[in-house]
Structure formats: C-alpha cells, structure tokens
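Enquirer: Can you read through this structure? Questions will come right after.
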Amino acid sequence: MKRTILSIMSLLALMTVVSSCNSDDAPSSESIFKTEEKPQSEFDKWLYTNFTQPYNIEFRYRYQDSETDNYYNVVPADPEKAKALAILVKALWIDPYETVFGSNFIKQYGPKVYQLLGSPEFNNQGSIVLGYAESGVKITLFRVNELDLDNIFVNTEDAYRNHYSLPLDLNHWYFHTMHHEFFHIMTQTRNFPTDFNLISAGKYHTSDWINVDDDEAPLEGFVTGYASSEPNEDMAEVFSTYVTSTDKVWNQIMNQAIVDGDMTYYNVLQQKVDMVRDYLNDSWGISLDALREEVLKRTAGVYDLDLKTLK
C-alpha cells in the first residue's frame, strides 16, 4: 500500500514537472554573451583619425576591467570629459613633440595605449596615483571626471599653489604626469647615466616621501616632494617640472633652494637639470629647451581650445 501511494505521488510530481516545462517559453537561441561590436561613435572615429592612424596610439576611454588594478576601486571616465582630455592631449602633448621632433618620434617612441579612468587610485599612505607608465607601452591617467570643461585652468604663476584647489591645475593633474611618465618610457628604452643616482645619494625619503612638502623639497635638492622618493622618480620629476614650468615658476623653485645665501642645493638642482638636458641631447638628439618652449607656447593657448567640439 505504501509503495502504491508513493508511486502515485511520484507520477503526480512528474506530471507537474512536465506541465511546468510545457508552459514555459522555448529557450531563446540568442546567446547571453554579446559578441557583436558596437558601432563606432563620432568620438571613436575622431580618435582613429587623430591618434591611431598617424601615431599608432590606441586611446581607451571605456572602462575595461582587465586593464585596471583590481586592488583599487575606480570608476569609468565620463565620455564628455574623456573627449575633452583627448583634445588636450593632442594639442598640448603630442603636437609639441611632433613640431620639435617630427611625427616619427611619437610613432616610434610614444606610448601605444592611453587608458583613462574617472577617479584616482589611493595608496595606503594616503597619496594619490596620478598616472603610471607600463613597460614603455601604456600610460594610464586618472581623475578624468574632475575635469571642469567650463573652467579650464593652467597654473603659470605659483609653484606652490595648493594642488587640491579648484579649478584643478591641468599641468599638475594631467600634463606634468604625462611628461613624467613619458620620460620613464624614454629611460626604459635608453638608459639614463647612473651618475645621476649619486647626486642625492643618502637623502632620498624612500618610505616617507609623502611627508616631504613640495616647498620643502628644494631645501634638499629636489624639485618636488615626490622627486625625493628615489632616483628614477627624481629625474622624471626634473624633466616634467622643467618643461611645464614658466620661467617665473621654475625660478621660484630654484630660489627656494637658497638658504641665507647658501647655494648648495640650488647647485644640486642645476646639476640635475643639466644632466637631464645632456641625456636628451646625447641619447635622443632632443633639445630640452626647444621642447619646453613649444610646450609653454601651446599651453598658453589652452584657453582658446574648444573642448566640446571634435574637429
């Protein structure tokens, strides 16, 4: 009797399952994995024309999880802010190099990939990652979403203006970083003389550079607090600071190193910039001062740029 009851119950359960399956819609033939390519936007076409075709550069503004460090929480770049930064990169970074050294220089030695992210990465020390270069191939720029398209600003007056003040200084947050990272690409391609490492040997703040304020750094022979972290960052900071600084700003940094007439660290800074100048000339056939002149000329015209219209 128990077996009969169980059999009837099993039959009813089977009928219920069959009935339920029959009532469902047939499985869709469409895959849940989207493989079709999205149509190119006007911005995509502009990037191809202005970056990929002439310089073999891929400009990535869409978020790609595989292209980010999963240790950090970051957000995608706003497309309109990314568009504006692409216009700025072309006008203030690529164009000066092309004017001074020709398009082949950027095509051969420039980064092959730009990756934009909307927010910064925060280190456990409390510092912000402004950007980084990977193996001479890719430059990643952060904090794109804080770009104010209606209030563009480049600091040309005060070396020690608060970097967190609004509006954000384009030089500090973007172009200083780009020149800095490109210099790493250059030194990864052609070695920088190791004699540079001896100039400030024993004075680097390897673990506590975050505590060295920019206005205090020249007192030890560094152009910025970050330059005091280690020799590779030191030489990149000398290069990027020099090419993006007006005479007024650069002289302010140099004079900051003079204490009661003591020129020791002024001379240290001069020795470092001279070594960077010689490296570019001897290893690359590049004039540091010609590049700086062109960068500053282009930077002065930033307020005339239309950052909302692709041309």
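The values are calculated or read from the model by the stated rules, or taken from the named source; none is laboratory data. The shown structure was predicted, so the numbers you read here are calculated from the model rather than taken from an experiment. Don't worry about glycine lacking a Cβ; one is built from the backbone with ideal geometry, like all the others, and counts go over all protein chains shown. Heavy atoms of the whole protein, side chains included, go into the accessibility calculation; ligands, DNA and RNA do not. Shrake-Rupley method; radii C 1.70, N 1.55, O 1.52, S 1.80 Å.
Enquirer: Looking at (1) over 21 Å from residue 161 (Cα atoms); (2) modelled with pLDDT of 95 or more, which is the one condition that is false for residue 252?
Expert: That leaves (1) as the condition not met.
Enquirer: To continue, here is another question. Within region 220-235, count every residue that is under 17 Å from residue 252 (Cα atoms) and open to solvent by less than 50 Å² (accessible area, probe 1.4 Å).
Expert: 6
Enquirer: Something else about it: Would you check if residue 177 is in contact with an Asp or Glu (Cβ under 6 Å, 6 or more places away or on another chain) and either closer than 19 Å to residue 292 by Cα or of a type in the set (A, V, I, L, M, F, W, C) (or both)?
Expert: The answer is no for residue 177.
Enquirer: State whether one or more residues within region 225-236 are touching a His at 6+ places or on another chain (Cβ under 6 Å), among the hydroxyl-bearing types (Ser, Thr, Tyr) and without any contact (Cβ under 8 Å) to a residue 40 or more places away in the chain.
Expert: Yes: region 225-236 contains one or more residues that are touching a His at 6+ places or on another chain (Cβ under 6 Å), among the hydroxyl-bearing types (Ser, Thr, Tyr) and without any contact (Cβ under 8 Å) to a residue 40 or more places away in the chain.
Enquirer: Follow-up question, since we're still on this one. Have a look at 100, 89 and point out the one that is under 23 Å from residue 164 (Cα atoms) and either at pLDDT 90 or above or part of a strand (DSSP E or B) (or both). Break it down into steps so the answer makes sense when it comes.
Expert: Values: 100 fails: under 23 Å from residue 164 (Cα atoms).
Step by step, each of 100, 89 is checked, and only 89 is under 23 Å from residue 164 (Cα atoms) and either at pLDDT 90 or above or part of a strand (DSSP E or B) (or both).
Enquirer: Select, from 290, 217, the only residue that is open to solvent by 20 Å² or more (accessible area, probe 1.4 Å) and of a type outside the set (S, T, N, Q).
Expert: Being open to solvent by 20 Å² or more (accessible area, probe 1.4 Å) and of a type outside the set (S, T, N, Q) holds for just one of 290, 217, which is 290.
Enquirer: Report whether or not residue 201 is modelled with pLDDT of 90 or more, in contact with a Lys or Arg (Cβ under 9 Å, 6 or more places away or on another chain) and either at positive phi or among the aliphatic types (A, V, I, L, M) (or both).
Expert: no
Enquirer: Given the conditions (1) open to solvent by less than 20 Å² (accessible area, probe 1.4 Å); (2) assigned to a helix (DSSP H, G or I); (3) within 25 Å of residue 300 (Cα to Cα), and given that residue 176 satisfies all but one, which numbered condition is not satisfied?
Expert: (1)
Enquirer: Quick check on my filter: what residues within region 144-173 are farther than 27 Å from residue 79 by Cβ and surrounded by fewer than 16 Cβ atoms within 10 Å (Cβ to Cβ)?
Expert: 157, 158, 160, 161, 162
Enquirer: Kindly establish whether residue 118 is modelled with pLDDT under 90 and either closer than 30 Å to residue 190 by Cβ or of a type in the set (Phe, Trp, Tyr) (or both). Show your work before the answer.
Expert: Values: modelled with pLDDT under 90: yes; either closer than 30 Å to residue 190 by Cβ or of a type in the set (Phe, Trp, Tyr) (or both): no.
Against the criterion (modelled with pLDDT under 90 and either closer than 30 Å to residue 190 by Cβ or of a type in the set (Phe, Trp, Tyr) (or both)), residue 118 does not qualify.
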